[in-house]
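Everything below concerns the one structure shown next.
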Amino acid sequence: MRESALLVSKTLTEVAKRLRPGITTISIDQFIGEFIKENKGYPSFLNYHGYPFNSCISVNDVVVHGFPGKYELKESDIVSVDIGVYKNGFHGDHAYTFMIGKPEEDIIQLVRVTKESLFKGIEKAVAGNRLGDISYAIQEHTEKKYGYGVVRELVGHGLGKSMHEDPQVPNYGKRGSGPVLKEGLVLAIEPMINLGKKDVYTDKDGWTVRTKDGKVSVHFEHDVCVKKGKADILSNYNSIEAAENNNSNLFSLNHSRAESL
């Protein structure tokens with residue numbers, strides 16, 4: 001499973017090198033499909049319940065499941081790229097949100113806080129905790145501290161030989177609730193957080209989920225194995241962040257922090 005998850009990370013790293021104003025989302029998707037197959041994997045999303053693309057590319061007010069198309073990315077766009085890989089009988093599935101150019105400060109904060117909330121949730125993915133501990137940690141950091149909208153209709157999930165397995169992992173909930181986490185369980189933890197209200201709707205294509213108020217949404221996702229004491233993150237953001245830092249077309253939280261030190 002780590003191998004599948006790391007191929008997703010590797011693919012997202014290559015995407016981070018290529019993102020720029022003027023590139024179409026369908027060209028990104030085509031590259032993703034080719035890259036995964038070149039590395040002896042298969043795009044998990046392609047034909048999944050009829051989904052017609054290799055990846056989900058969600059721009060601005062699209063929360064998740066955005067269809068790649070002729071849209072050309074532009075300055076200040078917020079782009080979530082979500083990729084699944086099937087390799088050696090197991091799935092990897094994770095996502096990263098990129099900022100094209102430099103967006104407004106409120107958007108930068110949303111991206112930072114959503115990314116932080118992912119790791120707040122991961123900190124609770126240890127054996128003996130309950131599923132609700134993960135959910136509560138994400139909601140506490142995003143909705144309760146900052147007033148952001150935590151999407152209810154879409155959740156994280158178990159991961160393994162199928163891409164979506166039990167249990168579901170909501171980004172909201174109560175501490176101490178839900179099943180006890182057992183060592184070896186693999187979860188795709190994925191906060192989907194809106195700048196405005198939590199409400200969403202689905203486009204006529206049956207897939208694309210958007211915020212009702214038209215405000216930006218941000219999505220980060222890691223594949224995590226529950227362990228004693230500390231969770232084992234199977235996917236890896238390090239190479240993605242390095243590529244993001246080196247791409248002058250992208251605004252990086254890491255790079256901006258380094259400049260301020």
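The values are calculated or read from the model by the stated rules, or taken from the named source; none is laboratory data. All values derive from a computational prediction rather than experimental measurement. Neighbour counts are summed over all protein chains in view; Cβ atoms, including those assigned to glycine, are modelled from backbone coordinates with ideal geometry. Remember, those area values only see protein heavy atoms, side chains included, never the ligands or the DNA or RNA. Shrake-Rupley method; radii C 1.70, N 1.55, O 1.52, S 1.80 Å.
Values computed for the structure shown
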item: Top-ranked residue in the range 161-185 [being under 18 Å from Ala231 (Cα atoms) and touching a His at 6+ places or on another chain (Cβ under 7 Å); ranked as least open to solvent (accessible area, probe 1.4 Å)]; result: Val169
item: Which listed residue, of Val64, Val59, is more than 29 Å from Gly184 (Cα to Cα) and in contact (Cβ under 8 Å) with a residue 12 or more places away in the chain; result: Val59
item: Residue within the range 244-254 that is under 14 Å from the mean Cα position of the chain (by Cα) and hydrophobic (A, V, I, L, M, F, W, C) present; result: no
item: The one condition in (1) open to solvent by 30 Å² or more (accessible area, probe 1.4 Å); (2) within 19 Å of Glu116 (Cα to Cα); (3) not small (Gly, Ala, Ser) that Trp207 fails to fulfil; result: (2)
item: Single match in Lys87, Lys37 (criterion: modelled with pLDDT of 95 or more and surrounded by fewer than 19 Cβ atoms within 10 Å (Cβ to Cβ)); result: Lys37
item: Enumeration of residues in the range 15-42 that are of a type in the set (D, E, K, R) and under 20 Å from His65 (Cα atoms); result: Asp29, Glu34
item: Flag if Glu143 is more than 17 Å from the chain's Cα centre (by Cα) and either open to solvent by 10 Å² or more (accessible area, probe 1.4 Å) or farther than 27 Å from Ile83 by Cβ (or both); result: yes
item: Failed item, numbered, when Gln109 is tested on (1) at positive phi; (2) open to solvent by 60 Å² or more (accessible area, probe 1.4 Å); result: (1)
item: Residue, modelled with the lowest pLDDT, within the range 90-112, restricted to residues that are of a type in the set (Gly, Ala, Ser) and over 11 Å from the mean Cα position of the chain (by Cα); result: Gly101
item: Residue, nearest to Asn249 (Cα to Cα), within the range 8-27, restricted to residues that are part of a helix (DSSP H, G or I) and open to solvent by less than 10 Å² (accessible area, probe 1.4 Å); result: Ala16
item: Subset of the range 38-73 [of a type in the set (Asp, Glu) and assigned to a strand (DSSP E or B)]; result: Glu72
item: Residue that is most open to solvent (accessible area, probe 1.4 Å) [pool: residues in the range 40-50 that are in contact with a helix residue (DSSP H, G or I) (Cβ under 9 Å, 6 or more places away or on another chain) and of a type outside the set (Lys, Arg)]; result: Tyr42
